[in-house]
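Just below is one structure, and these are the notes that go with it.
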Amino acid sequence: MLRPTDIGELCDLVAAFAGKDDRLCLRGGGSKDAIGAPTPDVTVVDMRGFSGVVDYDPPELVLTVRAGTPLAEVQALVAAENQMLAFDPEGLGTTIGGVIAAGMAGPLRLTRGGVRDHLLGFEAVSGRGERFVAGGKVVKNVTGFDLSKLMAGSWGRLAALTEVTLKVVPRPQLQQTLLLRGLDPAAAVAVMASALGTPAELSAAAHLAWHGEPVTALRLDGFAPSVAARRAMLARDALAALEPIDDDEGDALWDAVRHVRPLASAPILWRIVVAPSKAPGVIIALPGAAWLLDWAGGLLWLASDSDPADIRRVAEAGGGHAMLVRGDTALRGAVSAFHPRSPALTALETRVRRAFDPAGVFETGRF
């Protein structure tokens with residue numbers, strides 16, 4: 001394992017590997033190591049040496065940190081200023097660079113946007129061993145190509161992130177979680193869609209097994225008078241039975257959604273993105289599966305030992321795609337983590353990767 005700590009050292013390291021058959025696997029906190037095919041014959045680059053705060057301007061809602069900084073440290077830093085990362089990432093041992101590379105947002109993605117929407121700029125090292133920067137350190141910025149959106153969700157296959165600039169947001173004064181109990185997935189999705197269609201401005205909506213029963217959770221954030229008024233908007237018709245829960249239980253519930261805790265012991269886990277109205281059909285088509293619905297049904301976490309081809313066929317029928325995020329070594333070696341792309345999209349992705357990494361230094365075979 002290689003452990004560079006400055007940009008020059010990393011540039012030299014990558015440039016040296018550009019002429020070799022060996023490949024480099026970029027690693028942050030290691031929280032996503034089990035996603036993708038096993039890659040025992042690659043050289044791991046530990047990016048945690050790139051750690052620390054570069055600049056933080058709370059009044060401007062802009063934060064610049066080195067990519068190997070633990071997410072927990074970033075969250076503590078902004079929380080001290082009563083601010084937060086709007087895309088609500090899960091944070092079990094990950095680094096902020098790993099969060100960007102994986103591109104996985106939490107429950108607030110429904111209304112606040114994803115990782116790519118809050119990455120203002122970055123510094124990185126390409127597969128040529130060259131340092132480059134993109135974006136900037138202001139919210140409104142015009143700098144040509146929007147490379148930040150390419151880096152979010154690139155899984156370390158384009159370049160090695162060394163520094164990121166993020167937009168942060170004020171932490172809401174009040175968070176209130178409202179529950180409906182005992183609904184099946186179809187009824188829950190209908191309720192979440194109905195609630196989102198009101199002026200109540202939900203911040204999150206999910207359906208999961210909670211304390212042994214199915215619950216549909218709706219979340220309101222904001223100033224206390226606003227939350228009270230918006231709750232009153234919801235307390236009518238099919239939503240009249242909404243039950244508020246206390247802050248501690250609400251925090252625990254959304255933490256469970258964010259980290260998919262109800263499915264933590266499942267040996268196989270899929271992340272399926274579909275049209276919300278199609279999620280109940282996916283569940284019905286795969287009997288025996290355990291599941292959790294986030295993003296009002298648009299994100300389905302599924303624990304199932306069904307044939308992977310069947311799972312992906314059902315996801316496609318719902319207008320979506322399925323990603324394998326947990327499985328044993330044999331399954332991960334046989335089944336691609338990513339949903340198969342069309343030939344045209346595969347060709348486009350290949351051209352983009354070659355533009356950043358002509359020699360395939362970061363092409364480990366993991367995906």
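Would you check if Gly281 is under 19 Å from Ala101 (Cα atoms) and either small (Gly, Ala, Ser) or in the same structural domain as Trp155 (by TED's automatic domain parsing) (or both)? The answer is no for Gly281. Of the residues Leu150, Leu166, Leu161, Leu120, only one is surrounded by fewer than 20 Cβ atoms within 10 Å (Cβ to Cβ) and within 18 Å of the chain's Cα centre (by Cα); which? Just one listed residue meets the conditions, Leu150.
Val65 meets the conditions (1) in contact (Cβ under 8 Å) with a residue 60 or more places away in the chain; (2) β-branched (Val, Ile, Thr); (3) surrounded by fewer than 16 Cβ atoms within 10 Å (Cβ to Cβ) in every case but one. The failed one is (3).
State all residues of the stretch 192-233 that are among the hydroxyl-bearing types (Ser, Thr, Tyr) and either at pLDDT 95 or above or assigned to a helix (DSSP H, G or I) (or both); if no residue qualifies, say none. Steps first, answer last, please.
Going residue by residue through the stretch 192-233, those that are among the hydroxyl-bearing types (Ser, Thr, Tyr) are 194, 198, 203, 216, 226.
Correct list: Ser194, Ser203, Thr216, Ser226.
Going through the stretch 243-261 one residue at a time, which ones are of a type in the set (Asp, Glu) and over 16 Å from Arg231 (Cβ atoms)? Steps first, please.
Initially, the stretch 243-261 is screened for residues of a type in the set (Asp, Glu), giving 243, 246-249, 251, 255.
Asp248, Glu249, Asp251, Asp255 - these are the residues of the stretch 243-261 that are of a type in the set (Asp, Glu) and over 16 Å from Arg231 (Cβ atoms).
How many residues are in contact with a strand residue (DSSP E or B) (Cβ under 7 Å, 6 or more places away or on another chain) and at positive phi if we restrict to the stretch 2-60? Number of matching residues: 1.
Does the stretch 10-42 hold any residues that are closer than 28 Å to His339 by Cβ and not in a loop (DSSP other than H, G, I, E, B), and which are they? I'd like the intermediate steps shown before the answer.
First, pick out the residues of the stretch 10-42 that are closer than 28 Å to His339 by Cβ: 23-42.
Matches in the stretch 10-42: Leu24, Cys25, Leu26, Arg27.
Conditions (1) touching a Lys or Arg at 6+ places or on another chain (Cβ under 9 Å); (2) modelled with pLDDT under 95; (3) assigned by TED's automatic domain parsing to the domain that holds Thr111, marked per residue:
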{"site": "Ala266", "(1), (2), (3)": "yes, no, no"}
{"site": "Val274", "(1), (2), (3)": "no, no, no"}
{"site": "Ala289", "(1), (2), (3)": "no, no, no"}
{"site": "Pro308", "(1), (2), (3)": "no, no, no"}
{"site": "Leu324", "(1), (2), (3)": "yes, no, no"}
{"site": "Glu349", "(1), (2), (3)": "yes, yes, no"}
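Taking the numbered list (1) of a type outside the set (Lys, Arg); (2) assigned to a strand (DSSP E or B); (3) under 23 Å from Thr216 (Cβ atoms); (4) in the same structural domain as Ala34 (by TED's automatic domain parsing) in turn, Ala134 passes all entries but (3).
Could you tell me which of the residues Thr143, Thr111 is surrounded by fewer than 24 Cβ atoms within 10 Å (Cβ to Cβ), at pLDDT below 95 and either outside any loop (DSSP other than H, G, I, E, B) or of a type in the set (Gly, Ala, Ser) (or both)?
On the way: Thr143 fails: either outside any loop (DSSP other than H, G, I, E, B) or of a type in the set (Gly, Ala, Ser) (or both).
Exactly one residue qualifies, and that residue is Thr111.
Only residues that are surrounded by fewer than 23 Cβ atoms within 10 Å (Cβ to Cβ) and outside any loop (DSSP other than H, G, I, E, B): list them for the stretch 72-88, please. Passing the criteria: Ala72, Glu73, Gln75, Ala76, Leu77, Val78, Ala79, Gln83, Met84.
Just a yes or no: is a residue in the stretch 13-28 modelled with pLDDT of 90 or more, in contact with a Phe, Trp or Tyr (Cβ under 9 Å, 6 or more places away or on another chain) and under 13 Å from Thr95 (Cβ atoms)? Yes, because at least one residue in the stretch 13-28 is modelled with pLDDT of 90 or more, in contact with a Phe, Trp or Tyr (Cβ under 9 Å, 6 or more places away or on another chain) and under 13 Å from Thr95 (Cβ atoms).
The values are calculated or read from the model by the stated rules, or taken from the named source; none is laboratory data. Nothing here was measured: the structure is a model prediction, and the numbers come from that model. Glycine gets a Cβ as well: all are built from the backbone with ideal geometry, and neighbour counts include every protein chain shown.
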